[in-house]
1. Taking amide hydrogens as modeled 1.01 Å from N in the peptide plane, which residues meet the under 5 Å criterion relative to ILE36, leaving out close sequence neighbours?
2. If each residue's Cβ is checked for other Cβ atoms within 10 Å, how do MET183, MET190 rank with the fewest at the top?
3. Based on the alpha carbons, how large is the Rg to Rh ratio for the stretch 28-242 when Rh follows Kirkwood?
4. Show me 223-232, 129-138, 99-108 ranked by packing, highest mean number of other Cβ atoms within 10 Å first.
5. Using only the alpha carbons of the stretch 94-134, determine the length spanned along each of the three principal axes and report them from longest to shortest in whole angstroms.
6. Farthest toward the dipole's positive end in the stretch 28-242, which of ILE132, LEU75, GLY98, given Cβ charges of +1 (Lys, Arg) and -1 (Asp, Glu) about the Cα centre?
7. Could you let me know the centre-to-centre spacing of the stretch 36-106 and the stretch 195-244, using Cα atoms, in angstrom?
8. Arrange the following residues from fewest to most other Cβ atoms within 10 Å of their Cβ: LEU198, LEU150, LEU75.
Amino acid sequence: MKKLTLAFLVVLSISSCDEILDVINSGTVGGGLAGITQGEAASGLKQALAKGVTNGTSFLGKKDGFFKNAAYKILLPAEVQSAVAKIKANPITNALAGPYLTKVEVAMNAGAENAMAEAKPIFINAITSMSISDAIGIVTGGEGAGTAYLQRATSSSLKSKFQPVIKNALDNVNINDPWTKVMGAYNTVMGKSVKTDLNEYVTDKAMTALFSEVKLEEDKIRANPVTRTTDILKKVFGYADAQK
């Protein structure tokens, strides 16, 4: 009987050690809140970011998601904005470029909106590739920590993949001809030779808007328990709350 008892205790001890290796701050945290496993930390964070990307791309990718959004509407580049008044004040340049100013602006925003559907899998892939060790630290990193990591770690590669999508979207709305006319009129009025890379410009604006939306969604989950719509989100971010 003693041998059976000893064997049972040995097995129990080994099992407990294996479990402890897989738990962050095992036992109780913050007055009775159970610790979370490494897998749960990673899963919860990735779920939060994936939710942010899904909501962000859906919100920005709908019709007029950029164009009628005061926060994200893509305006004409600064050098053109400063010249619009002069272009319209000059009968010659206004006749040439005036009708295209709005068309260019609409096309830029439509391009960004159309690109959101193509952008989603790129961002989701970046999220699912995040290591467990990175996820553990980010969970308790505070507002926007996950988004900031995503931006630091993926911006260069995402941009290189995002630009062709934007270019295709801009090509689909035939922006090259009106944009050439607008820049030509600007250069005539201002006596300059400025060539703004519209693909680069719209890509940067679209990425900034998407990262901003992801951060908003992440911060909502961190700040408001009501937005934690799954058990894993409740557990992981409840744990994060207890670390504050």
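Nothing in this text is a laboratory measurement; each read-out follows from the coordinates by a stated rule. These figures come from a predicted structure and were not determined experimentally. Don't worry about glycine lacking a Cβ; one is built from the backbone with ideal geometry, like all the others, and counts go over all protein chains shown.
1. ILE24
2. Ordered by Cβ neighbours within 10 Å, fewest first: MET190, MET183.
3. For the stretch 28-242, the value is 1.12.
4. Highest to lowest by the protection proxy: 99-108, 129-138, 223-232.
5. 59, 17, 8
6. In the stretch 28-242, that residue is GLY98.
7. Between the Cα centres of the stretch 36-106 and the stretch 195-244 lies a distance of 17 Å.
8. LEU75, LEU198, LEU150
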